[in-house]
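Undergrad: Here it is: the structure, laid out below.
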Amino acid sequence: MHLVDITLFYSAQGGGVRTYLAAKAQWLRRHGAIRHTVVAPKGCMAAADHAFVTVPSLSIHNANGYRLPRSVRQTAHTLAALKPDLIEVGDPYQFAWAALRVQRKLQVPVVAFFHSALHQVVEERFGALAARAARRYTALLYRRFDLVLAPSRLMVEHLRSLGVEHVRHQPLGVDTAVFTPAVRNADLRSKLGLPPQARLLMYAGRCTREKKLPLLIDAVHKLGAPYYLLLVGGSADVCTTGRIVRLPYQRDPAALAALMASCDMLVHPGDQETFGLVVLEAMACALPVLGVDAGGVRELVDRATGLLVQPGSAAAIAEGIVAIYDQDRAGMGLRARQKVVQNYDWHIIFPQLLAQYARLFATRQQPGLEADLSLAAD
């Protein structure tokens with residue numbers, strides 16, 4: 001069986017989709033029953049450890065390294081030439097329409113993974129009228145797929161409200177052997193030039209508008225000593241001060257895990273996450289998480305593993321940070337890791353994903369491919 005993933009969301013600057021596809025490629029390679037290829041725009045940095053095909057693309061200004069394909073027709077031709085048995089689409093743009101062309105031409109099932117809530121991004125940048133148009137577009141597009149997977153129940157409900165019927169909940173996961181408290185570095189504060197008693201918070205991710213990073217920076221400034229923020233992966237133009245330390249995007253997951261495990265907590269101020277993969281990574285490192293009560297993050301964090309505060313408020317974030325320090329942080333962190341190990345390790349998640357594919361093939365009466373998937377999941 002040949003499984004092909006195609007996505008615009010494959011950037012040298014990381015992101016949850018790239019992390020998911022890299023983990024998927026590694027897991028499938030170890031299990032050996034399924035051939036796997038990733039198709040992405042030419043010009044992005046390809047991973048060396050899995051099959052990778054690119055299509056001609058154009059750079060997008062100020063888009064975190066993402067690129068657009070030059071031609072839907074040419075992309076569809078490249079995709080069809082791979083002779084896939086199943087295609088998974090990871091974005092709602094040109095690649096999605098190219099995959100649907102191949103669906104019609106080759107009569108192969110096409111699955112969409114709903115990684116990005118387009119209407120939220122559009123509303124944040126262009127307002128409510130544009131968001132309504134984005135919802136109509138989302139409905140028009142995703143109704144055409146054989147199966148739509150959404151990483152949070154909130155996104156499942158959103159898609160069903162748009163009339164998308166073939167949608168199922170499928171969370172993402174984390175490599176708990178890489179993201180572990182065992183890689184904690186006791187010397188990190190010294191290496192960052194911080195006092196040993198520093199209360200070290202962490203944010204990891206892009207600095208796009210919907211991430212609401214200015215709220216977190218404002219909260220840290222309000223708190224003052226002894227609170228510091230380690231900002232990993234933010235753009236170079238983020239204003240850093242004596243309380244904000246910035247490190248570049250960590251391409252090596254082990255390096256990111258070592259930083260996470262050496263901090264006191266992860267703070268995630270964004271309120272538009274479809275899932276929140278970085279939250280799981282921090283929890284696997286035994287960090288409590290302060291998030292906001294919105295988006296997919298609220299399905300991951302509870303009072304046993306962290307705290308959720310109202311969105312859009314630097315004061316609420318500051319109060320939440322202090323509240324976690326006033327509680328049993330170590331106990332929160334241990335419970336956070338236990339939750340991830342028991343529910344979100346990739347060795348749990350990928351068999352679930354293959355079972356989703358197998359059910360799709362069963363409905364299409366393709367028992368041979370269904371058996372391949374069942375064998376790989378086992």
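The values are calculated or read from the model by the stated rules, or taken from the named source; none is laboratory data. Computed from a prediction, not measured in an experiment: that's the story for all the values here. Cβ placement follows ideal geometry from the backbone for every residue including glycine, while neighbour counts extend to all protein chains displayed.
Undergrad: Can you name the residue in the stretch 322-368 that is over 23 Å from Val89 (Cα atoms), touching a Ser or Thr at 6+ places or on another chain (Cβ under 7 Å) and touching a residue at least 40 places away in the same chain (Cβ under 8 Å) and is also surrounded by the fewest Cβ atoms within 10 Å (Cβ to Cβ) among such residues?
TA: Here the residue is Val341.
Undergrad: Among (1) touching a residue at least 12 places away in the same chain (Cβ under 8 Å); (2) part of a helix (DSSP H, G or I), where does Glu319 come up short?
TA: (1)
Undergrad: Of everything in the stretch 288-316, what is within 18 Å of Ala219 (Cα to Cα) and either part of a helix (DSSP H, G or I) or hydrophobic (A, V, I, L, M, F, W, C) (or both)? Give them in sequence order. If you could, list the steps in order and put the result at the bottom.
TA: Residues of the stretch 288-316 that are within 18 Å of Ala219 (Cα to Cα), as a first pass: 288-293, 306-316.
Once the filter is applied, which keeps residues that are within 18 Å of Ala219 (Cα to Cα) and either part of a helix (DSSP H, G or I) or hydrophobic (A, V, I, L, M, F, W, C) (or both), the stretch 288-316 yields Val289, Leu290, Val292, Leu307, Leu308, Val309, Ala314, Ala315, Ala316.
Undergrad: Considering the stretch 132-154 alone, what residues qualify as being assigned to a helix (DSSP H, G or I) and either within 14 Å of Tyr93 (Cα to Cα) or among the basic types (Lys, Arg) (or both)?
TA: Let us first name the residues in the stretch 132-154 that are assigned to a helix (DSSP H, G or I), namely 132-142, 153-154.
Residues satisfying the conditions are Arg132, Ala134, Arg135, Arg136, Tyr137, Thr138, Ala139, Leu140, Leu141, Tyr142, Arg153.
Undergrad: Another question about this same structure. For Leu129, indicate whether it is among the hydrophobic types (A, V, I, L, M, F, W, C), surrounded by fewer than 19 Cβ atoms within 10 Å (Cβ to Cβ) and part of a helix (DSSP H, G or I). Quick ask: steps written out before the conclusion?
TA: Details: among the hydrophobic types (A, V, I, L, M, F, W, C): yes; surrounded by fewer than 19 Cβ atoms within 10 Å (Cβ to Cβ): yes; part of a helix (DSSP H, G or I): yes.
Spelling it out, Leu129 is indeed among the hydrophobic types (A, V, I, L, M, F, W, C), surrounded by fewer than 19 Cβ atoms within 10 Å (Cβ to Cβ) and part of a helix (DSSP H, G or I).
Undergrad: Could you grab me the full set of residues in the stretch 208-229 that are farther than 16 Å from Val279 by Cβ, buried (at least 18 other Cβ atoms within 10 Å of the Cβ) and of a type in the set (A, V, I, L, M, F, W, C)? Quick ask: steps written out before the conclusion?
TA: Step one: of the stretch 208-229, the residues farther than 16 Å from Val279 by Cβ are 208-209, 214-215, 217-229.
Filter again for buried (at least 18 other Cβ atoms within 10 Å of the Cβ), leaving 215, 217, 219-220, 223, 227-229.
The answer is Leu215, Ile217, Ala219, Val220, Leu223, Leu229.
Undergrad: Then there is this: Determine the pairs where a residue that is more than 17 Å from Lys212 (Cβ to Cβ), located within the stretch 116-133, has a partner that is among the basic types (Lys, Arg) and in a helix (DSSP H, G or I) with Cβ atoms under 9 Å apart, the partner being 6 or more residues away or on another chain.
TA: Note: pairs meeting the criteria are Leu118/Arg135; His119/Arg132; His119/Arg135.
Undergrad: Just name the residue that is farthest from Pro56 (Cα to Cα) out of those in the stretch 70-107 that are polar (S, T, N, Q) and either outside the structural domain of Gln365 (by TED's automatic domain parsing) or surrounded by fewer than 17 Cβ atoms within 10 Å (Cβ to Cβ) (or both). Please lay out each step first, then the result.
TA: Our first condition is that a residue be polar (S, T, N, Q); within the stretch 70-107, this holds for 71, 74-75, 78, 94, 103, 107.
Next cut, either outside the structural domain of Gln365 (by TED's automatic domain parsing) or surrounded by fewer than 17 Cβ atoms within 10 Å (Cβ to Cβ) (or both) only: 71, 74, 107.
Values: Ser71: 8, Gln74: 8, Gln107: 25 Å.
Per the criteria, the residue is Gln107.
Undergrad: What tally of residues in the stretch 1-41 results from selecting those that are over 19 Å from the mean Cα position of the chain (by Cα) and modelled with pLDDT under 80?
TA: Qualifying residue count for the region: 2.
Undergrad: Filter the stretch 159-190 for residues that are out of contact with any helix residue (DSSP H, G or I) (no Cβ under 8 Å at 6 or more places or on another chain) and buried (at least 16 other Cβ atoms within 10 Å of the Cβ) and give the result. Spell out how you get there, then give the answer.
TA: Taking the stretch 159-190 first, the residues out of contact with any helix residue (DSSP H, G or I) (no Cβ under 8 Å at 6 or more places or on another chain) are 160-161, 165-166, 177, 186-187, 189-190.
Passing the criteria: His166, Arg189.
Here is a yes/no grid of residues against (1) in contact (Cβ under 8 Å) with a residue 60 or more places away in the chain; (2) part of a loop (DSSP other than H, G, I, E, B); (3) under 18 Å from the mean Cα position of the chain (by Cα):
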residue: Leu172; (1), (2), (3): yes, yes, yes
residue: Ala177; (1), (2), (3): no, yes, no
residue: Asn185; (1), (2), (3): yes, yes, no
residue: Ser190; (1), (2), (3): no, no, no
residue: Gly193; (1), (2), (3): no, yes, no
residue: Pro196; (1), (2), (3): no, yes, no
residue: Met202; (1), (2), (3): yes, no, yes
residue: Cys207; (1), (2), (3): no, yes, yes
residue: Leu215; (1), (2), (3): yes, no, no
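To keep it simple, each residue is scored yes or no on (1) under 17 Å from Leu353 (Cα atoms); (2) in contact (Cβ under 8 Å) with a residue 12 or more places away in the chain.
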position	(1), (2)
Arg104	no, no
Val110	yes, yes
Phe114	yes, yes
Arg136	no, no
Thr180	no, yes
